[in-house]
Amino acid sequence: MALYWLVQGCQPGDSLLFHYSGHGSRQRNYNGDEIDGFDETLCPLDFETQGMIVDDEINTTIVRPLPHGVKLHAIIDACHSGTVLDLPFLCRMNRSGQYAWEDHRPRSGVWKGTSGGEVISFSGCDDDQTSADTSALSQITSTGAMTFCFIQAIERGHAATYGSILNAMRSAIRNAGGGGGSDFGGGTVTSLISMLLTGGSVAIGGGFRQ
């Protein structure tokens with residue numbers, strides 16, 4: 001798989017980035033490793049002839065090989081992208097900034113984590129939701145709502161913690177949608193952050209730390 005180049009030869013201290021803004025989908029899961037019964041997928045330009053990229057393949061290619069000391073940030077702006085990296089733990093943050101953790105480890109016991117590295121994934125929506133393109137944010141052209149708000153949060157200095165990034169993204173979407181989110185397909189786009197923990201501690205109030 002072409003994605004392998006991202007992690008090939010990575011060494012401790014490396015910081016990797018995987019950004020995808022495009023179509024996503026889902027398909028029935030038959031091996032029992034998905035809580036909701038569906039595999040999440042990415043749809044590249046040639047997916048109609050070459051097939052979709054399934055979350056199991058993404059996990060095997062860029063998550064599990066990641067060695068100790070290497071960090072990967074993934075920004076996935078696509079429909080059904082909540083757990084598209086198949087990370088074992090997912091953290092949701094509600095509008096008041098409260099966190100709730102979910103255990104997504106397969107019941108089969110198969111390890112979906114790294115080989116010691118760390119992966120943080122921002123997703124544009126939940127597994128059963130669709131992401132939005134809108135011109136309400138840029139006021140110029142149609143853009144992926146999640147991607148636009150993520151870039152804006154970084155540029156405006158809200159990158160101190162993962163929580164502050166999500167708060168800034170949510171605020172931008174609420175402001176553009178006038179609270180009702182009518183331009184976003186029926187509601188505020190749900191921002192999720194999935195994070196692979198490799199045996200460290202979690203500092204909820206001040207971000208995350210190993």
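Select from segment 4-15 the residues that are under 19 Å from the mean Cα position of the chain (by Cα) and open to solvent by 30 Å² or more (accessible area, probe 1.4 Å) and list them in ascending order.
Listed by number, the residues that qualify are 4, 15.
What tally of residues in segment 45-77 results from selecting those that are among the β-branched types (Val, Ile, Thr) and open to solvent by less than 10 Å² (accessible area, probe 1.4 Å)?
5
Can you find a residue in segment 78-92 that is open to solvent by less than 20 Å² (accessible area, probe 1.4 Å) and in a strand (DSSP E or B)?
Kept after step one, since they are open to solvent by less than 20 Å² (accessible area, probe 1.4 Å), are these residues of segment 78-92: 78, 81-88, 90-91.
Retained after the next criterion (residues that are in a strand (DSSP E or B)): 90-91.
Scanning segment 78-92 turns up at least one residue that is open to solvent by less than 20 Å² (accessible area, probe 1.4 Å) and in a strand (DSSP E or B).
Between residues in segment 35-49 that are without any contact (Cβ under 8 Å) to a residue 40 or more places away in the chain and residues that are in a loop (DSSP other than H, G, I, E, B), which pairs lie under 7 Å by C-beta distance while being six or more apart or on different chains?
These pairs meet every condition: 37/29; 39/29; 43/22; 43/52.
Report, by residue number, each residue of segment 51-69 that is over 12 Å from residue 25 (Cβ atoms), part of a helix (DSSP H, G or I) and not hydroxyl-bearing (Ser, Thr, Tyr).
Result: 56, 57, 58, 59, 62, 63.
Closer than 28 Å to residue 170 by Cβ and not in a loop (DSSP other than H, G, I, E, B) - does that describe any residue in segment 106-119?
Yes, the conditions are met somewhere in segment 106-119.
Give the residue that is least open to solvent (accessible area, probe 1.4 Å), with candidates limited to residues of segment 16-42 that are in a loop (DSSP other than H, G, I, E, B) and within 18 Å of residue 123 (Cα to Cα).
34
Within the bounds of segment 43-50, is there any residue that is closer than 22 Å to residue 146 by Cβ, part of a strand (DSSP E or B) and modelled with pLDDT of 90 or more?
yes
The values are calculated or read from the model by the stated rules, or taken from the named source; none is laboratory data. Note that this is a predicted model, so its numbers are computed, not measured. Virtual Cβ from ideal backbone geometry, glycine too; neighbours counted across all protein chains shown. The accessibility values were calculated without ligands, DNA or RNA, using every heavy atom of the protein model including side chains. Shrake-Rupley method; radii C 1.70, N 1.55, O 1.52, S 1.80 Å.
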